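J.: Dropping a structure here in structure tokens format, bear with me for questions.
The values are calculated or read from the model by the stated rules, or taken from the named source; none is laboratory data. The model shown is predicted, which means the values in this text are computed figures rather than measured ones. With ideal geometry, Cβ positions are generated from the backbone for all residues, glycine too; neighbour counts draw on all protein chains shown.
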Amino acid sequence: MNRLPRWRAALGILILAGLAFFLIRFAPVYFRNLELQSFVSGITHSGDSQTKSDDLLRTWVLNKARELNLPVEQDDIRILRAPDAFRIDVRYFVRVDLPGYTVNLHFYPGAGSR
């Protein structure tokens with residue numbers, strides 16, 4: 001029976017460790033963004049939210065983003081109203097520092113109703 005060379009096993013373990021490292025660094029940010037997306041979707045599909053002021057809706061989204069530790073600013077939240085539609089868009093980025101490299105993850109959670 002042929003044995004797997006040690007260098008191949010070590011390389012496989014190194015690659016799996018690298019993937020685990022990236023998962024640990026990126027997954028929490030993506031899950032928090034998903035939670036913000038669900039919150040925004042809930043607001044837009046709630047019937048009484050459409051009658052609320054833009055400032056109040058913006059404050060709700062901003063408070064939720066701060067609760068989730070996401071770097072959302074007031075200027076990142078757009079509220080669009082039309083006679084037959086209502087939409088909230090949030091655009092922000094999260095800076096993730098990796099050894100020797102920094103990456104900006106851009107997120108665009110938004111939802112609307114008709």
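J.: Val96 is checked against (1) under 16 Å from Gly42 (Cα atoms); (2) touching a residue at least 60 places away in the same chain (Cβ under 8 Å) and fails just one. What number does that condition carry?
T.: Unmet condition: (1).
J.: Can you pull out the residues in segment 39-49 that are in contact with a helix residue (DSSP H, G or I) (Cβ under 8 Å, 6 or more places away or on another chain) and under 19 Å from His106 (Cα atoms)?
T.: If the condition is that a residue be in contact with a helix residue (DSSP H, G or I) (Cβ under 8 Å, 6 or more places away or on another chain) and under 19 Å from His106 (Cα atoms), then Phe39, Val40 are the ones that fit.
J.: Determine, yes or no, whether Lys52 is over 23 Å from Asn104 (Cβ atoms), of a type outside the set (A, V, I, L, M) and surrounded by 13 or more Cβ atoms within 10 Å (Cβ to Cβ). Give the steps one after another, and end with the answer.
T.: Working: over 23 Å from Asn104 (Cβ atoms): yes; of a type outside the set (A, V, I, L, M): yes; surrounded by 13 or more Cβ atoms within 10 Å (Cβ to Cβ): yes.
Criteria met by Lys52.
J.: Right, next: If we keep just the residues of segment 1-14 that are of a type in the set (A, V, I, L, M, F, W, C) and in a helix (DSSP H, G or I), which is surrounded by the fewest Cβ atoms within 10 Å (Cβ to Cβ)? Spell out the reasoning first.
T.: Quick first cut of segment 1-14, residues of a type in the set (A, V, I, L, M, F, W, C) only: 1, 4, 7, 9-11, 13-14.
If we keep only those that are in a helix (DSSP H, G or I) too, we end up with 7, 9-11, 13-14.
Numbers: Trp7: 8, Ala9: 11, Ala10: 10, Leu11: 11, Ile13: 10, Leu14: 10.
If we take residues in segment 1-14 being of a type in the set (A, V, I, L, M, F, W, C) and in a helix (DSSP H, G or I), then Trp7 is surrounded by the fewest Cβ atoms within 10 Å (Cβ to Cβ).
J.: Continuing with the same structure: Quick one: would you say Asp54 is in contact with a strand residue (DSSP E or B) (Cβ under 9 Å, 6 or more places away or on another chain), touching a residue at least 12 places away in the same chain (Cβ under 8 Å) and closer than 21 Å to Leu34 by Cβ? Show your work before the answer.
T.: Details: in contact with a strand residue (DSSP E or B) (Cβ under 9 Å, 6 or more places away or on another chain): yes; touching a residue at least 12 places away in the same chain (Cβ under 8 Å): yes; closer than 21 Å to Leu34 by Cβ: no.
Spelling it out, it is not the case that Asp54 is in contact with a strand residue (DSSP E or B) (Cβ under 9 Å, 6 or more places away or on another chain), touching a residue at least 12 places away in the same chain (Cβ under 8 Å) and closer than 21 Å to Leu34 by Cβ.
J.: Would you confirm whether or not segment 15-38 contains a residue that is closer than 16 Å to Gly112 by Cβ, without any contact (Cβ under 8 Å) to a residue 60 or more places away in the chain and either assigned to a helix (DSSP H, G or I) or touching a helix residue (DSSP H, G or I) at 6+ places or on another chain (Cβ under 8 Å) (or both)? Give the steps one after another, and end with the answer.
T.: Here is the first cut: in segment 15-38, the ones closer than 16 Å to Gly112 by Cβ are 36-38.
When the remaining residues are screened for being without any contact (Cβ under 8 Å) to a residue 60 or more places away in the chain, the result is 38.
In the following step, the residues that additionally are either assigned to a helix (DSSP H, G or I) or touching a helix residue (DSSP H, G or I) at 6+ places or on another chain (Cβ under 8 Å) (or both) were identified as 38.
Checked against the condition, which is being closer than 16 Å to Gly112 by Cβ, without any contact (Cβ under 8 Å) to a residue 60 or more places away in the chain and either assigned to a helix (DSSP H, G or I) or touching a helix residue (DSSP H, G or I) at 6+ places or on another chain (Cβ under 8 Å) (or both), segment 15-38 yields at least one hit.
J.: Given segment 40-114, what strands (runs of 3 or more DSSP E) lie entirely inside it while holding 2 or more residues that are among the aromatic types (Phe, Trp, Tyr)? Can you show your working first?
T.: Working: elements: 77-82, 85-90, 92-98, 101-107, 110-113.
Here the list reads 92-98, 101-107.
J.: Another question, if that's okay. Please state which one of Tyr108, Tyr101 is within 17 Å of the chain's Cα centre (by Cα) and either modelled with pLDDT of 95 or more or surrounded by fewer than 18 Cβ atoms within 10 Å (Cβ to Cβ) (or both).
T.: Numbers: Tyr101 fails: within 17 Å of the chain's Cα centre (by Cα).
Checking each option against the conditions leaves just Tyr108.
J.: Residues of segment 48-84 being among the β-branched types (Val, Ile, Thr) and at pLDDT 95 or above, which ones? Step through it out loud before you land on a result.
T.: So in segment 48-84, the residues among the β-branched types (Val, Ile, Thr) come out as 51, 59, 61, 72, 77, 79.
If the condition is that a residue be among the β-branched types (Val, Ile, Thr) and at pLDDT 95 or above, then Thr59, Val61, Val72, Ile77 are the ones that fit.
J.: Hey, among Arg66, Arg87, Arg78, which residue is surrounded by fewer than 15 Cβ atoms within 10 Å (Cβ to Cβ), among the charged types (D, E, K, R) and either within 14 Å of Gly112 (Cβ to Cβ) or touching a residue at least 24 places away in the same chain (Cβ under 8 Å) (or both)? Give the steps one after another, and end with the answer.
T.: On the way: Arg66 fails: either within 14 Å of Gly112 (Cβ to Cβ) or touching a residue at least 24 places away in the same chain (Cβ under 8 Å) (or both); Arg87 fails: surrounded by fewer than 15 Cβ atoms within 10 Å (Cβ to Cβ).
The unique qualifying residue is Arg78.
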